[in-house]
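Some notes on the structure that comes next.
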Amino acid sequence: VTWLSGLVNPTSFLTAICQVTAQRNQWELDKLVTFTDVTKRLSIDAVDSNSRDGAYIIGLSMQGARWDLSNVQIEKSLPKEMFCSMPIMNVKAVTKEKANVGGIYQCPVYTTEMRGPTWFFNAQLRTKSNPAQWILSGVALIADISSA
């Protein structure tokens, strides 16, 4: 399990996941994108082995909404709750065609709360609501929430 928030350049780690998948499957690197799958595991101790097709990451917090562990999807945030810690996520490389699935919110991931220039990738999060609701709410994942 990789602590994504602790990396100086997390984009290079995500690119490495795509490179390993491209080499293993003899695919073209430029046709791959990262795809995230949120697990129900909350701690590193709950992970018993390496990911078969990617890497497990930890250390992200959601701002503007919360992650519902029981339904494995985004929900409205609770009152007076600014951030919600995310469970362990599996990041893997898939072809662009396989990444286009319904019921997914393309959640921006930022290094710090100062969004804009600190964006480094989009995480795919399940939702039963229209993704536009989360866009209008400004929902994002933040790697380092202590920078405020």
Here are the criteria: (1) out of contact with any helix residue (DSSP H, G or I) (no Cβ under 8 Å at 6 or more places or on another chain); (2) aromatic (Phe, Trp, Tyr); (3) in contact (Cβ under 8 Å) with a residue 24 or more places away in the chain; (4) open to solvent by 70 Å² or more (accessible area, probe 1.4 Å). Tell me which single one Trp119 does not satisfy. (3)
Filter region 102-116 down to the residues that are part of a loop (DSSP other than H, G, I, E, B) and in contact (Cβ under 8 Å) with a residue 12 or more places away in the chain, then identify the one that is farthest from Gly138 (Cα to Cα). Gly103
Collect the residues in region 117-137 that are aromatic (Phe, Trp, Tyr) and part of a strand (DSSP E or B), keeping them in residue-number order. Trp119, Phe120, Phe121
With under 15 Å from the mean Cα position of the chain (by Cα) and under 15 Å from Ile58 (Cα atoms) as the only criterion, which of Thr39, Thr15 stands out? Thr39
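The values are calculated or read from the model by the stated rules, or taken from the named source; none is laboratory data. What you are looking at is a predicted structure, and each value in this text was computed from that prediction instead of being measured. When we count neighbours, we look across all protein chains shown, and the Cβ atoms used for this are built from the backbone with ideal geometry, even at glycine. Surface areas here come from the heavy atoms of the whole protein model, side chains and all, with no ligands, DNA or RNA. Shrake-Rupley method; radii C 1.70, N 1.55, O 1.52, S 1.80 Å.
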